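Structure first, commentary second.
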Amino acid sequence: MGEGGFFVWHILIIIITLDEECRILKIIYKALTYNFYQRKDESISKNQLDWIHANIESISTKENVLFVFQAEHEVLLFTDSGIYFPNRPYIRRITYDEISTLKIAGDFYLELMINKSEIYTILFVDSIDKAKIFQIINLLRQNNKINKNSSFEDVQEIFEKFTCIKYPLNQMQHKIPQVYLKQFGYLENNQWKVSIIQKGEKFSRQKSIGSFTAETNIFDIESEDDRLPRIFESLNADLENLYPKILKDVSENDEVSDESWSILIQLAPNLMIRSDFWRDFVRDVINSDNKETFIDITFSIHTNSIDELRELKEQEFYKAIKKSELTNSIINRILLHFSNYVFHHLRSFNIIVLKAPEGKEFFTSDNPINFKANQLEGKLGLFSVDTEIYFPLSKHYLAYFYHSNSKKKSLLRQLDNRKIYNIDDIMNDEQYDELIKNEIVNNSNALLIVPFKMVYRF
């Protein structure tokens, strides 16, 4: 062989060697950089991690590694051919061909039936994980049957199907919004505070609005749909962002605009259902003989007839609320529907806004919406034409809702719809003091919020 021939042969060897090296490097790269879905604070245990590192390279030569997922007590390694169980010495791998039945077996469980005889159970961290993995396994089984390659992008699409993810896992949520409390508070050392008086105590307290009435995940909803866990808190935030528009509107005009009216009839029910008073009310009525009546009345606004209500009662979400154990999540579901019930009726009410005199501002409380049912005798539901609502918007303004068809005589019912009035122009000091006492102070659940800094011992 001549010199030229040797040179060509030498180049071919280098090319082949480089191709093989690239192939091996790709396998190693894929083996060492898998997508890991960490669902708990603690990471993979060392024995499981060691197993993955020891076996993932050989697995990658035969199968396409998709991701590693953290369940409650173990991690699962998913490929396009099957599932590996690093923590189970008796069953390391189940192929999608072997799964005869995939079944949701509870709030956090999946059951894999293998060849119609053996059943393997997987326990997940939460119900969302269970629902997602159920969809993913079904997708991979289907692709496997038709010899279609499954990619990480296929499963990632399921993981990202919904955008409202419950994040962060633990979140401080305010029963009374900070933006609302600030209207009754004062600034001290760059920190907003409020003065409160607790029922039964003879002294005032100073509370930071950042932590006042805040509780971890109080408004969360357990659901397999990623859009639902934080939907309550998302609604709260959206309405809180609109609240300053109302204050600006009533301070600059002599009547309530259409925009402010539309915000107010949503904000009032929202602040109402966030209070402990109404959360306890729902819990008590659901634990009573009036449970079904209350749920039916609350849901009836979604229907136009008895027949439609009967059909609605056959829906799964209705049955879940009616039959499930009364957890915090179930109460939150009912409260959202109850809020919609209040909003539905409030749309037909008149509203006026009262402006407090200088130096005699409005108080508020941990139950800021004074909802006075005033039911007519024999009438079901919380609403009638005699229902009225008192809502301190800030220390300067109070909104009053009433129905124009009411036959009850009162000073405020005689005022014109949507108008903004100075208290001094419509009532004397004694009448104003009675308003503060009866409609705000007496309506507090446990805490009265003072509209100024009060450091006082009675």
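Laboratory data are not the source of any read-out in this text; all were calculated from the coordinates shown. These numbers come from a predicted model, not from an experiment. Virtual Cβ from ideal backbone geometry, glycine too; neighbours counted across all protein chains shown.
Worth pointing out:
- Estimated FRET transfer efficiency (Tyr90, Asp254; beta-carbon r; R0 51 Å; 0.05): 0.05
- Kirkwood-type radius of the chain, with distances r between different C-alpha atoms, in Å: 26.9
- Rounded to whole Hz, the Karplus (6.51, -1.76, 1.60) HN-Hα couplings of the range 113-124, x for glycine and proline: 8, 9, 6, 6, 9, 8, 10, 10, 10, 10, 9, 9
- Residues whose placed amide H lies under 5 Å from that of Thr364, excluding near-sequence neighbours: Ile449
- Calculated FRET value between Asn115 and Leu235, using beta carbons and R₀ = 41 Å, to 0.05: 0.30
- Cubic angstrom per residue, convex hull over Cα atoms of the range 84-153: 98
- Over all Cα atoms in the range 34-159, the spread is summed up by Rg and Dmax: 13.6, 38 Å.
- Per the Debye calculation on the range 190-336 with a single equal scatterer at every Cα and no solvent contribution, log₁₀ I(q)/I(0) for q = 0.21 Å⁻¹ amounts to -1.36.
- Taking 0.36 nm per residue of separation and subtracting the current Cα-Cα distance, fully stretching the chain between Asn304 and Ala446 would add 47.2 nm.
- Rounded to the nearest angstrom and listed largest first, the equivalent-ellipsoid semi-axes of the range 312-441 from its Cα gyration tensor are 34, 18, 12.
- With the charge dipole of the range 34-159 set up from +1 on Lys and Arg Cβ and -1 on Asp and Glu Cβ about the Cα centre, the Cα lying farthest toward the positive end among the listed residues Asn143, Asn35, Phe108 is that of Asn143.
- From phi via Karplus (6.51, -1.76, 1.60), per-residue ³J(HN,Hα) for the range 385-395 in Hz, x at Gly/Pro: 5, 8, 5, 8, 9, 10, 9, x, 6, 7, 5
- Proximity of backbone amide H atoms, modeled 1.01 Å from N, is registered between Gln38 and no other residue at under 5 Å, excluding neighbours fewer than 5 places apart on the same chain.
- Near Asn64, the amide H atoms lying under 5 Å from its own belong to Asp80, Ser81; only residues 5 or more places off or on other chains count, and H is placed 1.01 Å from N.
- Gained length - Ala214 relative to Glu316, 0.36 nm times residue gap less alpha-carbon distance: 33.5 nm
- Nitroxide proxy distance, nm - points 7 Å out along Cα→Cβ at Ile104 and Lys161: 1.0
- Ignoring lysines fewer than eight residues from Lys319 along the same chain, the ones with Cα atoms less than 20 angstrom from its Cα are Lys291.
- Using θ = phi - 60° and Karplus 6.51 cos²θ - 1.76 cosθ + 1.60, couplings along the range 70-86 (whole Hz; Gly, Pro as x): 8, 8, 5, 10, 7, 10, 10, 9, 9, 10, 6, 10, x, 10, 9, 10, x
- Relative contact order, whole percent, for the chain stands at 13, derived from Cα pairs under 8 Å and 6 or more residues apart.
- Mean ellipticity per residue at 222 nm, deg cm²/dmol - from DSSP H runs of n ≥ 4 across the chain, formula -39500 (n - 2.57): -12500 deg cm²/dmol
- Annotation for the range 380-458 versus the range 241-272: alpha-carbon center distance of 16 Å.
- Linear extension gain, Gln198 paired with Glu325, 0.36 nm per residue minus alpha-carbon span: 42.5 nm
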